[in-house]
1. Would you mind listing how long the stretch 111-249 runs along its three principal axes, going by Cα atoms, in whole Å with the largest first?
2. For a 22 Å ceiling on Cα separation, which of these pairs sit above it: Lys101/Lys132; Lys243/Lys289; Lys92/Lys245; Lys132/Lys200?
3. Which whole-Hz couplings ³J(HN,Hα) result when phi for each residue of the stretch 185-194 is put into the Karplus expression 6.51 cos²θ - 1.76 cosθ + 1.60, θ = phi - 60°, listed in order with x for Gly and Pro?
4. Long-range amide H contacts for Gly206: which residues qualify at under 5 Å (H placed 1.01 Å from N, peptide plane, sequence gap of 5 or more or a different chain)?
5. For Lys145, Lys245, give the ranking by accessible area with the largest first, probe 1.4 Å.
6. Please list the three semi-axes, largest first and in whole Å, of the ellipsoid equivalent to the stretch 240-316, using sqrt of 5 times the eigenvalues of its alpha carbon gyration tensor.
7. Figure the gain on full extension for Glu321 and Asn305 (residue separation times 0.36 nm, minus the Cα-Cα span) and round it to one decimal in nm.
8. With θ taken as phi - 60° and the coefficients 6.51, -1.76 and 1.60, list the Karplus ³J(HN,Hα) couplings across the stretch 200-207 in order, rounded to whole Hz; mark glycine and proline as x.
Amino acid sequence: MGFVTACGGGAPQEESTADTSTGLVLLSVAEPGPDPFTDSTATAPARLPAPADSPTPGERPPAKPADHRSAKGSDAGLYGGTRGTDSCDVEKQIRLLEGNKATEQAFAEAMGMGVPLLPAYLRSLTSVVLRKDTRVTGYGLVDGKAKSFPAVLQSGTAVLIDDLGVPRVRCAGGNPLTPAEPLKGAARHTGRAWHGYGPKRAVVVGPAPRPLTEVFLVDEGKSTWIERPVGKNGRGNRGGKNKDKVIPAPPAGLEGQATATSTVELAWEPPKGDVEIAGYQIFQEDVAKPVQELTPDSREARISNLKPGTEYSFTVRAVDEAGNISVPSNEVEVLTNYDTETGQPDPSQQQPDQSDQPDQPDQSDPNQQQPDQSDQPDQPDQSDPNQQQPDQTDQPTPDQQQPTDQPDQQDPNQQPDQPDQPDPNQQQPDQPDQPQNNQ
């Protein structure tokens, strides 16, 4: 599957796969390459690696870009440069293209945009040099048309990158660049390799998650770092004013370990370079502001008030006397200790365990006895004396005896049969009782 490329406001190209009939082309730093669009617009780089003759690798290049090492255009240190010096002359590139309308049209089509948009788009790019061998899709000018081919650019090559950090122009031949595409079939290398090249060590640069406002470059000659605004080269686009800013190198070798359930200790090495360090800032993942600020002689830090059994990520940045802040150090992840004293080491897991307990009431919850009692109304048939009457009604013979049974139930009141006895005291109470019985 190929890539769909959209370039700086231009129309996206249709999905296509690079022509691999010539193989994966190896392009060294200063080599114009096959079928260049223009003369070189690369400026003289300072202390960049020179190409070295090496045998062409016998190993076949990986067919898919995903099989290479990947990088994002926002990765700090992916590119290099020199303060106040452009790696490419953008204005010269525009003049050379405008001097040949057919070449300009082919260049614009390769970039997926109209010719009128091309000058502004080129000025929006940022000049840098590669610090890693980088696989791309290059273009050559063949019969007035842009013809694509897969290529690997040597580390040290001068390129222009867009605001997502993706290479767009190779300045040594004025060639358009787009992201790498899958290779067709069993492609092999063409051209001569340089010392240290390996097919699987080349990187494929993907777009940054969001547009960049600056890129962080490494000055290979001075071992310093540079913050360069995107779209404004070292000499600037206005009045030749220098827009680059030297910043401290990042601290090195950050390590961390948990020392308690709520405490983490960090340690690092001071940054290299000539920039005077005024202090350090500790950053915690998902926290915008530094969680600690330390003195320049600090090499360790203790972070407290953390949660037990929780993983945290930390980075360290150096700050110089002018307030310039370095890019982050390497990131370290630390898991705080579990709280073993409570017998429940991970508090975050207790809540789901408690949420599972509602299933236990099925075994012993007294609230479930109520439905059992509701089932007991069937039992009163066995012992409820009030149910004897319906049982007796089911028997025909007792139904006939009910009038005789009723006095049986009131045996002490059967004295109405005793009015024949001479006791007048019993007759008076019996007479009022009889009308009640008759009712």
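The values are calculated or read from the model by the stated rules, or taken from the named source; none is laboratory data. Here the structure is a predicted model, which means the values were calculated and not measured. Reconstructed Cβ throughout: ideal geometry from the backbone, glycine too, with neighbour counts over all protein chains shown. Just so you know, the surface numbers come from the protein's heavy atoms only, side chains and all, with ligands and any DNA or RNA stripped out. Shrake-Rupley method; radii C 1.70, N 1.55, O 1.52, S 1.80 Å.
1. For the stretch 111-249, the Cα spread along each principal axis is 47, 40, 28 Å.
2. Values: Lys101/Lys132 34 Å; Lys243/Lys289 26 Å; Lys92/Lys245 25 Å; Lys132/Lys200 12 Å.
Too far apart for the 22 Å limit: Lys101/Lys132; Lys243/Lys289; Lys92/Lys245.
3. Once θ is set to phi - 60°, the couplings for the stretch 185-194 become x, 9, 5, 10, 7, 10, x, 9, 7, 10 Hz.
4. Amide H neighbours of Gly206: Ala71, Lys72, Gly73.
5. Numbers: Lys145 125, Lys245 80 Å².
Most to least solvent-accessible, the answer reads Lys145, Lys245.
6. 29, 14, 10
7. Gain on stretching Glu321 to Asn305: 2.7 nm.
8. Values per residue, Gly and Pro as x: 8, 8, 5, 9, 10, 8, x, x Hz.
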